[in-house]
Amino acid sequence: MSAPRPADPDLALLERLADARRRLLGQVAQRIVAQHEVLDGILTALLSGGHALLVGVPGLARTLMVSSVAEALALKFSRIQFTPDLMPSDITGTEIIEEDPSSGARAFRFVHGPIFANIVLADEVNRTPPKTQAALLQAMQEHEVTVAGRTYPLAAPFFVLATQNPIEQEGTYPLPEAQLDRFMFELHVDYPSREDEEAIVERTTGDLLPKLEPVLTGEELIRLQRLVRRIPAPRVVVEHAVRLARMTRPADPSAPPVVREFVQWGAGPRASQYLVLGAKARAAMDGRGMADLEDVDAAALAVLRHRLVVNFNAEAAGKRAEQVVAEVMAEARKAPARR
């Protein structure tokens with residue numbers, strides 16, 4: 001009689017990922033009421049190795065949401081409050097002169113800034129000048145920072161979760177398109193429903209602060225990120241992702257009339273990559289071993305809306321980028337797959 005066949009390690013890890021997602025959402029739900037779609041978006045970005053921009057008015061617990069996710073993942077968390085007088089060295093760190101008490105010799109020593117964490121919350125990221133905003137670029141893309149000619153690697157895993165207030169624009173510095181493109185998702189945090197708001201008030205006006213139990217370590221999260229990369233995406237899924245991104249470009253032959261009329265610049269190739277990665281992560285989070293077209297569509301709005309630059313016609317007509325994305329998605333569903 002032959003020995004039983006060992007279980008597929010990827011399948012076991014896939015089940016571990018799906019279970020970790022359920023437990024993590026359960027832990028965060030002790031502090032955050034509802035907002036399931038936003039939390040799923042954050043987790044999708046983390047599993048894909050991407051960064052996320054959270055947009056919402058003050059008081060919607062964006063900061064608490066991010067810090068709770070970091071606590072439930074047993075990751076080092078750092079918060080940077082962006083202000084007009086913030087300097088790049090306040091983020092990356094700086095070199096100081098240190099004197100040896102015994103010999104009197106002096107030497108430079110690098111003091112690590114708050115960017116040296118696993119999850120960095122860039123709070124109100126559009127309130128600081130471009131010079132300081134740019135200090136995040138190398139960290140977000142290369143996972144390292146350079147100070148005084150020396151390069152320092154950042155510990156893995158590394159994520160930037162930035163927040164932005166959509167209603168206060170005085171004294172702000174809108175993020176340039178090049179920096180927006182480095183965020184995998186733009187997630188919108190909306191007002192809670194009446195029932196959810198009542199639950200929030202009841203939960204937060206008492207003296208009990210739930211303590212969260214870690215669900216995953218940093219090492220486990222890195223293994224799950226590699227698993228997401230190994231999730232297969234059929235050719236039709238890749239074609240659909242690329243078609244969606246290309247349809248947002250006004251000069252592309254596949255662009256629908258709404259794009260030609262209202263869009264100045266469309267999404268670049270990084271959008272296609274993130275659409276496929278987001279689809280893989282969503283499939284893995286559901287415990288499925290393959291991404292499908294619905295997974296791409298589920299990630300499309302968060303991936304595309306901050307990558308579209310609408311023109312004056314759109315502003316005059318009150319057409320927002322997310323409305324254009326919705327129409328592009330509708331047109332893409334009608335378009336036949338490329339043979």
*Considering segment 151-202 alone, what residues qualify as being within 23 Å of residue 222 (Cα to Cα) and without any contact (Cβ under 8 Å) to a residue 24 or more places away in the chain?*
151, 153
*Do we have any residue at all in segment 199-212 that's aliphatic (A, V, I, L, M), farther than 23 Å from residue 284 by Cα, assigned by TED's automatic domain parsing to the domain that holds residue 32 and under 20 Å from the mean Cα position of the chain (by Cα)?*
no
_I need the full set of residues from segment 307-321 which are crowded, with 16+ Cβ neighbours inside 10 Å and not hydrophobic (A, V, I, L, M, F, W, C), in order please._
307, 319
*Do you know which residues across segment 325-339 are modelled with pLDDT of 90 or more, in contact with a helix residue (DSSP H, G or I) (Cβ under 6 Å, 6 or more places away or on another chain) and among the aliphatic types (A, V, I, L, M)?*
325, 328, 329
*Return yes when residue 145 is assigned to a strand (DSSP E or B), touching a helix residue (DSSP H, G or I) at 6+ places or on another chain (Cβ under 8 Å) and either in contact (Cβ under 8 Å) with a residue 24 or more places away in the chain or outside the structural domain of residue 36 (by TED's automatic domain parsing) (or both) and no when it is not.*
yes
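Among the residues that make up segment 213-225, is at least one of them over 20 Å from residue 155 (Cα atoms), buried (at least 17 other Cβ atoms within 10 Å of the Cβ) and either in the same structural domain as residue 272 (by TED's automatic domain parsing) or in contact with a helix residue (DSSP H, G or I) (Cβ under 8 Å, 6 or more places away or on another chain) (or both)? Give the derivation first.
Step one: list which residues in segment 213-225 are over 20 Å from residue 155 (Cα atoms), which gives 213.
Those still in the list that are buried (at least 17 other Cβ atoms within 10 Å of the Cβ) too: none.
No: zero hits.
For every residue, the table says whether it meets (1) modelled with pLDDT of 90 or more; (2) part of a loop (DSSP other than H, G, I, E, B); (3) under 18 Å from the mean Cα position of the chain (by Cα); (4) not assigned by TED's automatic domain parsing to the domain that holds residue 180.
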{"residue": "13", "(1), (2), (3), (4)": "no, no, no, no"}
{"residue": "25", "(1), (2), (3), (4)": "yes, no, yes, no"}
{"residue": "45", "(1), (2), (3), (4)": "yes, no, yes, no"}
{"residue": "58", "(1), (2), (3), (4)": "no, yes, no, no"}
{"residue": "68", "(1), (2), (3), (4)": "yes, no, yes, no"}
{"residue": "79", "(1), (2), (3), (4)": "yes, no, yes, no"}
{"residue": "95", "(1), (2), (3), (4)": "no, no, no, yes"}
{"residue": "98", "(1), (2), (3), (4)": "no, no, no, yes"}
*Working only within segment 75-107, note down all residues that are touching an Asp or Glu at 6+ places or on another chain (Cβ under 9 Å) and either closer than 30 Å to residue 22 by Cα or exposed (fewer than 11 other Cβ atoms within 10 Å of the Cβ) (or both).*
77, 79, 80, 105, 106, 107
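Does segment 244-257 contain at least one residue that is basic (Lys, Arg), surrounded by 12 or more Cβ atoms within 10 Å (Cβ to Cβ) and over 30 Å from residue 29 (Cβ atoms)?
Within segment 244-257 (the criterion being basic (Lys, Arg), surrounded by 12 or more Cβ atoms within 10 Å (Cβ to Cβ) and over 30 Å from residue 29 (Cβ atoms)), the answer is yes, since at least one residue qualifies.
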_For segment 259-301, which positions are surrounded by fewer than 17 Cβ atoms within 10 Å (Cβ to Cβ), more than 19 Å from residue 234 (Cβ to Cβ) and touching a residue at least 60 places away in the same chain (Cβ under 8 Å)?_
265, 268, 270
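The values are calculated or read from the model by the stated rules, or taken from the named source; none is laboratory data. Source: prediction; values computed, not measured. Cβ sites come from the backbone with ideal geometry, for glycine too, and all protein chains shown count toward neighbours.
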